[in-house]
1. I'd like the Karplus ³J(HN,Hα) series for the range 74-90: coefficients 6.51, -1.76, 1.60, θ = phi - 60°, whole numbers in Hz, and an x wherever there's a Gly or Pro.
2. With the convex hull built on the Cα atoms of the chain, state its orientation-averaged projected area in nm².
3. To the nearest 500 deg cm²/dmol, what mean residue ellipticity at 222 nm is calculated for the chain from DSSP H runs of n ≥ 4 alone, each contributing -39,500 (n - 2.57), summed and divided by the residues?
4. Could you give the spread of the C-alpha atoms of the range 1-46 along their three principal axes, from largest to smallest, in whole angstroms?
5. On alpha carbon coordinates alone, what is the Rg over Rh value for the range 30-73, Rh being the Kirkwood radius?
6. Can you give me the orientation-averaged projected area of the convex hull built on the Cα atoms of the range 48-90, in nm²?
7. Fully extended, how many nm does the chain gain between ALA67 and ILE29 (0.36 nm per residue separation, minus their Cα-Cα distance)?
8. So what's the angle, to the nearest 10 degrees on a 0 to 90 scale, between helix 18-37 and the longest Cα principal axis of the chain?
Amino acid sequence: MNKTELIEHIAKQADISKAAAGRALEAVIGGVRTTLKKGGTVSLVGFGSFAVTKRAARAGRNPRTGAAIKIKSAKVPKFRPGKALKDALN
């Protein structure tokens, strides 16, 4: 499912226009992005949690030349599925 299909699904399920569904989805994504940027977490009970973790610096290789390179540490978003989502899949 891509973003357009998700907007169509939201519009149909909530009985709203696609434009309103698109704005709602953008608001949710924006809220998650803003909270993660501040270092917070977003927990959606029954669905899962979004959090920021730090990935340590490490050594890597340039695939083209094979030369060793240093990869900087970085903050990365992580998603942990909730129990209800896991149960729905199994």
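1. Listing the rounded values in order: 8, 8, 10, x, 10, 10, 10, x, x, 4, 5, 5, 4, 5, 5, 7, 10 Hz.
2. Averaged projected area of the chain's Cα convex hull equals 8.9 nm².
3. For the chain, the value works out to -13500 deg cm²/dmol.
4. Its Cα atoms span 33, 22, 18 Å along the three principal axes.
5. 1.25
6. 4.7 nm²
7. 9.9 nm
8. 40 degrees
Bear in mind that the values in this text are calculations on the coordinates, not laboratory data. Since the structure is predicted, the reported quantities are computational estimates derived from the model, not experimental observations. Ideal geometry is used to build each Cβ from the backbone, glycine not excepted, and the neighbour counts take in all protein chains shown.
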